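Data first, discussion second: the structure below is written as structure tokens.
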Amino acid sequence: MSHADFIAGLPKAEIHVHHVGSASPRIVSELAARHPGTVPSDLAALREFYTFRDFAHFIEVYLAVVDLIKTPDDVQLLTYEVARDMAAQNIRYAELTLTPHTSVLAGVPIEAFVEAVEDARTAAERDLGIRLRWIYDVPGEFGVPAAEATATYALDHAPDSLIGFGLGGPEIGVERPQFKEVFDRVRAAGLHSVPHAGETTGPQTVWDALEQLGAERIGHGTSSVQDERLVAHLVEHQIPLEVCPTSNIATRAVDVLENHPIKQMYDAGVHVTVNSDDPPMFGTTLNREYEIAADLLGLDEAGVTDIAKNAVTASFLPAPEKAALAAEMDAYLADWSTRG
């Protein structure tokens, strides 16, 4: 049976989603009209543009969209419109991963970048009823200098709404331990460590993220199931995995959905959360990811609510706000059950 209607109305939290990666064709069309040339602004042509042939093509399209974000106004537009797309799915709270280094390289000073995302955040909270918090991530392929620059943005220019520090980009050839000192520095300043690991590489990358970078959550962690000792460690310490099923298929981290390790993780007692990563780029939404998870895990409405509450537990919201959002989810489930 389809849970689509139930999931659509369920209040949710999203904890693994990228800022530029959330630019839907609607948003890209607006940016492309501002900066004609590289990307079609016609919506039909854009949908064609968003059909990925392979991971390399995805990166090419992603970077083409990055290139459309040239000014603080573009950053503000993107951020507010991404919040609008999230609010339409009943996402009440999101920890959105920003890559300020890319914007600074594109000529947007960090002060202007922060002002733009904060302006969008406060407007979205006021207009759309969604709370946003930021994770700054290091584009790993740029190495330690990019990590040091991102740490400087995080420590010297951070708004109060910055809560975490991540590490994205390709994993192959980008060893986690090289970033240890930078992560030590930002963690000492009170930021949470949330690197990507074990998406396209083996379980050792997850161990490195935990042991070298002090990871409190793991972005993806798909390959963790290859190491029984690692699974036991994740279960014992209840370290959340930010699982993004459609993303893993799109990037070929997993071959087909039926083989997605989410079921193995969930059955083992790992703290699994469901997330969308780069939703429009992968032709998905957070609601769709929950439908996929419900299907793969055989969940009823109560089970879907429980796994949605995992994202709240794994978030860095203050405890009273976690409790309030979880209570809202329970109330929705109870109301749905009486209507059912």
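The values are calculated or read from the model by the stated rules, or taken from the named source; none is laboratory data. Being a predicted model, the structure only gives us computed values, none of them experimental. For neighbour counting, all protein chains shown are included, and Cβ atoms are generated from backbone atoms with ideal geometry for every residue, glycine included.
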| message | Being out of contact with any Ser or Thr (no Cβ under 8 Å at 6 or more places or on another chain), surrounded by fewer than 22 Cβ atoms within 10 Å (Cβ to Cβ) and not aromatic (Phe, Trp, Tyr) narrows it down to one residue among Ala106, Ala64, Ala83, Ala33; which is it? | response | Ala106
| message | Considering only segment 217-231, I want to know if a residue exists there that is over 26 Å from Leu296 (Cα atoms) and outside any loop (DSSP other than H, G, I, E, B). | response | no
| Given the conditions (1) surrounded by fewer than 16 Cβ atoms within 10 Å (Cβ to Cβ); (2) free of Cβ contacts under 8 Å to residues at least 60 places away in the same chain; (3) among the charged types (D, E, K, R), which single one is not true for Asp74? | (1)
| said: Every residue in segment 36-57 that is touching a Ser or Thr at 6+ places or on another chain (Cβ under 7 Å) and either over 26 Å from Ala87 (Cα atoms) or among the aromatic types (Phe, Trp, Tyr) (or both), please. | reply: Phe55
| query | Quick one: how many residues across segment 248-274 are closer than 18 Å to Arg217 by Cα and hydroxyl-bearing (Ser, Thr, Tyr)? | reply | 2
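Inside segment 255-279, can you point out the residues that are farther than 21 Å from Ala215 by Cα and surrounded by fewer than 21 Cβ atoms within 10 Å (Cβ to Cβ)? Lay out the reasoning, then the answer.
At the first step, the residues of segment 255-279 found to be farther than 21 Å from Ala215 by Cα are 255-260, 263-264, 267, 278-279.
Asp255, Val256, Leu257, Glu258, Asn259, Lys263, Gln264, Asp267 - these are the residues of segment 255-279 that are farther than 21 Å from Ala215 by Cα and surrounded by fewer than 21 Cβ atoms within 10 Å (Cβ to Cβ).
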| remark: Here the residues within segment 219-245 that are among the hydroxyl-bearing types (Ser, Thr, Tyr) and buried (at least 23 other Cβ atoms within 10 Å of the Cβ) are Thr222, Ser224
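Take the conditions in contact with a Cys (Cβ under 9 Å, 6 or more places away or on another chain), crowded, with 18+ Cβ neighbours inside 10 Å and either of a type in the set (Asp, Glu) or not in a loop (DSSP other than H, G, I, E, B) (or both) and apply them to Gly166. Does it pass? Full working, then the answer.
Values: in contact with a Cys (Cβ under 9 Å, 6 or more places away or on another chain): no; crowded, with 18+ Cβ neighbours inside 10 Å: yes; either of a type in the set (Asp, Glu) or not in a loop (DSSP other than H, G, I, E, B) (or both): yes.
Taking the combined requirement at face value, the residue does not satisfy it.
Would you call His3 touching a strand residue (DSSP E or B) at 6+ places or on another chain (Cβ under 6 Å), of a type outside the set (Gly, Ala, Ser) and touching a residue at least 12 places away in the same chain (Cβ under 8 Å)?
On the way: touching a strand residue (DSSP E or B) at 6+ places or on another chain (Cβ under 6 Å): no; of a type outside the set (Gly, Ala, Ser): yes; touching a residue at least 12 places away in the same chain (Cβ under 8 Å): yes.
Here the answer is no, as His3 does not meet what is asked.
Please tell me if Ala149 is in contact with a His (Cβ under 6 Å, 6 or more places away or on another chain) and not aromatic (Phe, Trp, Tyr). Before the answer, list the steps.
Working: in contact with a His (Cβ under 6 Å, 6 or more places away or on another chain): yes; not aromatic (Phe, Trp, Tyr): yes.
Spelling it out, Ala149 is indeed in contact with a His (Cβ under 6 Å, 6 or more places away or on another chain) and not aromatic (Phe, Trp, Tyr).
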| query | From the list Leu333, Leu325, which residue is in a helix (DSSP H, G or I), hydrophobic (A, V, I, L, M, F, W, C) and in contact with a Lys or Arg (Cβ under 8 Å, 6 or more places away or on another chain)? | reply | Leu325
| message | Just the residues that are out of contact with any strand residue (DSSP E or B) (no Cβ under 8 Å at 6 or more places or on another chain), modelled with pLDDT of 95 or more and either in a helix (DSSP H, G or I) or among the hydroxyl-bearing types (Ser, Thr, Tyr) (or both), please, taken from segment 178-215. | response | Gln178, Lys180, Glu181, Asp184, Arg185, Ala188, Pro203, Gln204, Trp207, Glu211, Gln212
| task | Hey, can you tell me all the residues within segment 104-126 that are touching a His at 6+ places or on another chain (Cβ under 9 Å) and among the acidic types (Asp, Glu)? | result | Glu111
| task | Output the number of the condition that Gly219 fails; it satisfies all remaining conditions of (1) free of Cβ contacts under 8 Å to residues at least 60 places away in the same chain; (2) among the small types (Gly, Ala, Ser); (3) touching a Pro at 6+ places or on another chain (Cβ under 7 Å). | result | (1)
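Among the candidates Val114, Val82, Val104, which residue alone is assigned to a helix (DSSP H, G or I) and either within 14 Å of Val17 (Cβ to Cβ) or without any contact (Cβ under 8 Å) to a residue 12 or more places away in the chain (or both)?
Details: Val114 fails: either within 14 Å of Val17 (Cβ to Cβ) or without any contact (Cβ under 8 Å) to a residue 12 or more places away in the chain (or both); Val104 fails: either within 14 Å of Val17 (Cβ to Cβ) or without any contact (Cβ under 8 Å) to a residue 12 or more places away in the chain (or both).
When all the criteria are applied, what remains is Val82.
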